[in-house]
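For reference, the structure discussed in these notes is given below.
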């Protein structure tokens with residue numbers, strides 16, 4: 001593993017600690033273990049995917065386009081899982 005891949009893992013752990021800590025202080029944040037696993041899978045997959053994109057694609061315009069597409073897909077999946085914007089079975093609708 002290189003330093004960027006380790007950084008992705010540390011960043012994911014740090015980001016997941018935020019709702020974990022919030023759950024200790026308020027009832028407004030209510031996440032299950034499954035929620036944390038899905039979030040970790042999405043963030044690690046996205047982070048390692050972007051790391052691989054930046055390492056393998058040499059043309060900067062194409063690299064930016066692929067990363068923007070990846071961010072868009074991540075946001076749409078996250079929103080669907082959170083609130084069900086498309087009404088698919090993934091959101092529980």
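What's the exposure ranking of 88, 70, going from fewest to most Cβ atoms within 10 Å?
Ordered by Cβ neighbours within 10 Å, fewest first: 88, 70.
How big is the gap, in Å, between the Cα center of region 4-29 and the Cα center of region 36-93?
18
Okay, helix-only estimate at 222 nm for the chain: each DSSP H run of n ≥ 4 adds -39500 (n - 2.57), divide by all residues, round to 500 deg cm²/dmol; what do you get?
Estimated from H runs of four or more residues: -27000 deg cm²/dmol.
With only alpha-carbon atoms counted, please give the Rg and Dmax of the chain, in Å.
15.5, 47
Between residue 10 and residue 68, what is the spin-label point distance in nm, taking each point 7 Å from the Cα along the Cα→C-beta axis?
Computed distance between label sites residue 10 and residue 68 equals 3.1 nm.
Subtract the Cα-Cα distance of residue 29 and residue 2 from 0.36 nm times their separation in residues, and report this length gain in nm to one decimal.
6.3 nm
Since every read-out is calculated from the coordinates, none of them should be taken as a lab result. Remember, predicted model here, so these are calculated numbers, not experimental data. Because the Cβ atoms are built from the backbone with ideal geometry, glycine has one as well, and the counts that use them run over all protein chains shown.
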